[in-house]
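Single-structure report; data block below.
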Amino acid sequence: MKRVLNVGGNNKSITLPPQYDSYANILLDIDPRGAPDIVCDARELASLDASQFDAVYCSHNLEHYYRHEVPRVLRGFLHVLKENGFAHIRVPDINAVMRTTIEQGLDIDDVLYQSSVGPIMVVDVLYGHSVEIERSGQDFFAHKTGFTQKSLLKALNVAGFSKVYCTLGNLEINVIALADAPDPAVRALFKLPDDQASAP
């Protein structure tokens, strides 16, 4: 069975996208309270055995590292991925957040949208979910950087991902990143176009 490393997924009650239904979900998290399979800081992925996962799934976790740490995390993704493996990364789209905030005349403490965990304020997207940070007492829930499409594509290319497929929507950037061209199965699974995005 193929395996996906779910980086910073918190706990396994949070379901993965349907593309991973046939994958074994291997949860990696810095917080042991969610009973991860691997307790590890994503900045230390190079300490794991190389080339052992078919995919890395990282949803709303990459922004929890300082800007200078992001390349180390991304290189860690490449380290644990098998040949022809891919990284699936989702982060807030700061361009869209800023545009929506201005267009709707929102203040930083105004609600930007409703989520499954309650209302999300503009400040929560920029700096981390304030309710969770206060409740847990853990600053690793804070956001330490942010991404636009351009900056994320550049970071991925610098880290060694040569093929990056990107979509935008719902205040989010969603990418599939590979070191080489995707195999037909991955292309079909995510309905990837023939042309890849690249950093400017």
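The values are calculated or read from the model by the stated rules, or taken from the named source; none is laboratory data. Not measured: the values here are computed from a predicted model. Virtual Cβ from ideal backbone geometry, glycine too; neighbours counted across all protein chains shown.
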| note | Result of the Cβ filter at 6 Å on region 66-78, keeping first residues that are closer than 21 Å to D180 by Cβ and partners that are at pLDDT 95 or above and among the basic types (K, R), at least 6 apart or interchain, is V73/R43
| In region 76-124, how many are aliphatic (A, V, I, L, M) and closer than 30 Å to K2 by Cα? | 6
| query | What number of residues in region 1-50 are of a type in the set (S, T, N, Q) and either in a strand (DSSP E or B) or over 17 Å from the mean Cα position of the chain (by Cα) (or both)? | reply | 5
| request: Take region 41-51 and flag every residue that is farther than 13 Å from V73 by Cα, of a type outside the set (D, E) and out of contact with any strand residue (DSSP E or B) (no Cβ under 7 Å at 6 or more places or on another chain). | output: A50
| request: Being farther than 30 Å from R33 by Cα, part of a loop (DSSP other than H, G, I, E, B) and either in contact with a Ser or Thr (Cβ under 8 Å, 6 or more places away or on another chain) or without any contact (Cβ under 8 Å) to a residue 40 or more places away in the chain (or both) is the filter here, so list the residues in region 141-174 that pass it. | output: S162
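Every residue, every condition in (1) within 19 Å of R99 (Cβ to Cβ); (2) of a type in the set (A, V, I, L, M, F, W, C), yes or no:
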site: L152; (1), (2): yes, yes
site: V158; (1), (2): no, yes
site: K163; (1), (2): no, no
site: T167; (1), (2): yes, no
site: N170; (1), (2): yes, no
site: V175; (1), (2): no, yes
site: F190; (1), (2): no, yes
| Hey, F77 hits all of (1) among the aromatic types (F, W, Y); (2) assigned to a strand (DSSP E or B); (3) within 12 Å of the chain's Cα centre (by Cα) but one; which does it fall short on? | (2)
| Restricting attention to region 50-57, does a residue exist that is closer than 21 Å to Q149 by Cβ, in contact with a Gly (Cβ under 7 Å, 6 or more places away or on another chain), at pLDDT 95 or above and of a type in the set (A, V, I, L, M, F, W, C)? | no
| request: Identify the residue in region 54-101 that is aromatic (F, W, Y) and more than 21 Å from K191 (Cα to Cα) and, among all such residues, is surrounded by the fewest Cβ atoms within 10 Å (Cβ to Cβ). | output: Y66
